[in-house]
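The values are calculated or read from the model by the stated rules, or taken from the named source; none is laboratory data. Worth saying up front: this structure is predicted, and the values here are computed from it rather than measured. Here the Cβ positions follow ideal geometry from the backbone for every residue, glycine too, while neighbour counts run over all protein chains shown.
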Amino acid sequence: MSTMSAERASDEAHAIPLGELDISKAERFKDDTIWPYFERLRKEDPVHYCKDSLFGPYWSVTRYRDIMAVDTNHKVFSSEAGGITIVDRRVEDRNPMFIAMDPPKHDEQRKTVSPIVAPANLANLEGLIRKRVCAILDSLPKNETFNWVDKVSIELTTQMLATLFDFPFEDRRLLTYWSDVATTVPQAGQEIDTWEKRGAILGECLAYFTRLWNERINAEPGSDLISMLAHSPSTRNMAPREFLGNLILLIVGGNDTTRNSISGGVWFMNQNPGEMRKLRDNQALVPSAVSEIIRYQTPLAHMRRNALVDTTIGDKKIKAGDKVIMWYISGNRDDEVIENASSFVIDRKNPRQHLAFGFGIHRCVGNRLAELQLKILWEEMLNRRLDVKVVGEPERVASNFVHGYSALPVRIAA
Amino acid sequence: MPTVNFIEFGGHEHRIEVPAGTSVMRAAVDNRVPGIDGDCGGECACATCHVYVDQAWLPKTGERTATEEELLGFASGTEPNSRLACQIRMTDALDGLLVRMPEGQH
């Protein structure tokens, strides 16, 4: 599939008959040409039925308010019936995890995990995060081109995850690896070419964590995630399948999302030097900038639901069993709710009001931890007057779910 | 105009005038009172406007809605006097309302 220029994309987005518009194509996410398609849908067919695609038929919800209405209506729109990504999986390939459960099971499991990222515990983590950030930033090469994604985005979030799990630090890159495998849709010609292969690798992940579980269940309850899961009444008798599922949830949820916001922030500041200047001149804008970075990146482009009964979204009739995709990435560009939504503005009004973490009972449980990591990173970059220049085109991930970067070539002047 | 007294976790007080009909969350956010976020903009969809209503005032604010109850179940440090500030609409009868903010919003 050849790279399409932004201009050609815009032409095609407006020329293509609506009935043929399939926004789920991964290539468009890789080429970053999704924007005119979503713009057209928001304007002309905000609740859009695509009758055939690589993922079968599906509804796209593209406006902020409609997305909010679906996200908060968990009684009608289930996370359990078909899972939470556009891909349909055989039951045997699905790992049970609370993001893909409905109440009451969802509630019990989420409440077990939630305390580790509650405000009091975050205060305890701040010192350690800052130490790790400083060590990484101080180790970066000067006057030399390197990949920010690898040396900072992945490294920082992986270290954070290892800390949360009290995972053996020297093996931490396994967490990145397993996270990437978990979000990979198997394709011929790739390293992960079958669901079975994917399953086998994730089986190794389960084995490793089961070892840690067995160590910690016999020890005093600790404040790491594994210990919490092993000791809490609602999770200590989890079947291995469910344990793996929740582990994957926490690894993925805490890993490539934050990773891609770290990369995105550097890219956006480079593309918008006026905003970088604002931040340099006023460090108090860091929290606001962090929210804007997360909105602008929207690290998870969509979340999926299944309608449990016949219903309506906007003026469209949805049938029981229909697949419904909430395109957070589109809702976060909705001018009807967010002023000048297609611009990166770090001091906008209500910067925290965006869809990147979702809303309702499934709202990202780690959202404050993500913000904390980003806040500390930008504070320490400002403290060092680090001028990170992007020196080449970013390489994006070919995924309609994970919205992120595999490479961001940068250079820091000495 | 009726006023609300917001007390930060650390004890710092803010006395804010809130017109009748405005939610307590909206008043806090618009007046930059620290400790209340209101990420969802008042749609009862996030629980980041969690407050503790002073016992003397609690009955006057009314009952939690079903959705509010559900979301408070996920908030940190929920107590019997917890409410979501976006679900408390200001009235003259609430003049002097006293609320305390939690350690942090989640």
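Any chance the stretch A:127-140 includes a residue that's surrounded by 12 or more Cβ atoms within 10 Å (Cβ to Cβ), closer than 21 Å to A:Leu386 by Cα and among the small types (Gly, Ala, Ser)?
yes
Hey, among the residues in the stretch A:348-374 that are more than 13 Å from chain B (Cβ to nearest Cβ) and either at pLDDT 95 or above or in contact with a His (Cβ under 9 Å, 6 or more places away or on another chain) (or both), which one's surrounded by the most Cβ atoms within 10 Å (Cβ to Cβ)?
The extreme case among them is A:Leu374.
Residue by residue, here is whether (1) farther than 22 Å from A:Asp334 by Cβ; (2) crowded, with 21+ Cβ neighbours inside 10 Å; (3) touching a strand residue (DSSP E or B) at 6+ places or on another chain (Cβ under 7 Å); (4) at pLDDT below 95 holds:
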{"position": "A:Thr3", "(1), (2), (3), (4)": "yes, no, no, yes"}
{"position": "A:Phe29", "(1), (2), (3), (4)": "no, yes, yes, no"}
{"position": "A:Asp45", "(1), (2), (3), (4)": "no, no, no, no"}
{"position": "A:His48", "(1), (2), (3), (4)": "no, yes, yes, no"}
{"position": "A:Arg65", "(1), (2), (3), (4)": "no, no, no, no"}
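Between a residue in the stretch A:106-117 that is at the interface with chain B (Cβ under 8 Å from one of its Cβ atoms) and closer than 18 Å to A:Ser79 by Cα and any residue that is in a helix (DSSP H, G or I) and hydrophobic (A, V, I, L, M, F, W, C), which pairs come within a Cβ distance under 7 Å, given they are 6 or more apart or on different chains?
Listed pairs, sorted by first residue: A:Arg110/A:Phe98.
Can you find even one residue in the stretch B:54-61 that is within 14 Å of another protein chain (Cβ to nearest Cβ), at pLDDT 95 or above, within 13 Å of the chain's Cα centre (by Cα) and surrounded by fewer than 21 Cβ atoms within 10 Å (Cβ to Cβ)?
Checked the stretch B:54-61: no residue is within 14 Å of another protein chain (Cβ to nearest Cβ), at pLDDT 95 or above, within 13 Å of the chain's Cα centre (by Cα) and surrounded by fewer than 21 Cβ atoms within 10 Å (Cβ to Cβ).
Could we say that A:Arg216 is charged (D, E, K, R), assigned to a helix (DSSP H, G or I), over 21 Å from A:Tyr177 (Cβ atoms) and in contact (Cβ under 8 Å) with a residue 12 or more places away in the chain here?
Here the answer is yes, as A:Arg216 does meet what is asked.
I need the full set of residues from the stretch A:280-294 which are among the hydrophobic types (A, V, I, L, M, F, W, C) and without any contact (Cβ under 8 Å) to a residue 24 or more places away in the chain, in order please.
Result: A:Ala284, single match.
Please state which of the following conditions B:Leu84 fails to meet, knowing it meets all the rest: (1) at pLDDT 95 or above; (2) more than 9 Å from the chain's Cα centre (by Cα).
(2)
Considering only residues of the stretch A:118-147 that are in contact (Cβ under 8 Å) with a residue 24 or more places away in the chain, in a helix (DSSP H, G or I) and of a type in the set (A, V, I, L, M, F, W, C), which is farthest from B:Gln105 (Cα to Cα)?
A:Leu137
Hey, can you tell me all the residues within the stretch A:162-177 that are crowded, with 17+ Cβ neighbours inside 10 Å and farther than 20 Å from A:His231 by Cα?
Hits for the stretch A:162-177 are A:Arg172, A:Leu174, A:Leu175, A:Thr176.
Answer with yes or no whether A:Ile251 is assigned to a helix (DSSP H, G or I) and within 26 Å of A:Arg40 (Cα to Cα).
No; evaluated as a whole, the condition is false for this residue.
Taking the stretch A:281-296, which residues are small (Gly, Ala, Ser) and under 17 Å from A:Gln271 (Cβ atoms)?
Hit for the stretch A:281-296 is A:Ala289, nothing else.
Among what's in the stretch A:210-233 and is hydroxyl-bearing (Ser, Thr, Tyr) and under 26 Å from the mean Cα position of the chain (by Cα), pick the residue that is farthest from A:Gly366 (Cα to Cα).
Filtering first and then ranking leaves A:Thr210.
In the stretch A:37-92, what residues are under 24 Å from A:Asn340 (Cα atoms) and among the basic types (Lys, Arg)?
Of everything in the stretch A:37-92, those that are under 24 Å from A:Asn340 (Cα atoms) and among the basic types (Lys, Arg) turn out to be A:Arg40, A:Arg42, A:Lys43, A:Arg63, A:Arg65.
Say we look at the stretch A:375-414 and pick out the residues that are surrounded by fewer than 18 Cβ atoms within 10 Å (Cβ to Cβ) and among the polar types (S, T, N, Q); which of these is nearest to A:Pro273 (Cα to Cα)?
A:Asn383
Can you tell me how many residues within the stretch B:65-79 are part of a loop (DSSP other than H, G, I, E, B) and more than 11 Å from chain A (Cβ to nearest Cβ)?
The qualifying residues number 2.
Look at the stretch A:118-131 and say how many of its residues are within 12 Å of A:Met160 (Cβ to Cβ) and away from chain B (no Cβ under 11 Å).
Of the residues in the stretch A:118-131, 6 are within 12 Å of A:Met160 (Cβ to Cβ) and away from chain B (no Cβ under 11 Å).
With respect to the numbered conditions (1) closer than 25 Å to B:Glu70 by Cα; (2) touching a residue at least 40 places away in the same chain (Cβ under 8 Å), which one is the sole condition not fulfilled by A:Asn332?
That leaves (1) as the condition not met.
Report the residue count in the stretch A:199-237 for those that are of a type in the set (Lys, Arg), under 21 Å from A:Asp171 (Cβ atoms) and surrounded by fewer than 18 Cβ atoms within 10 Å (Cβ to Cβ).
1
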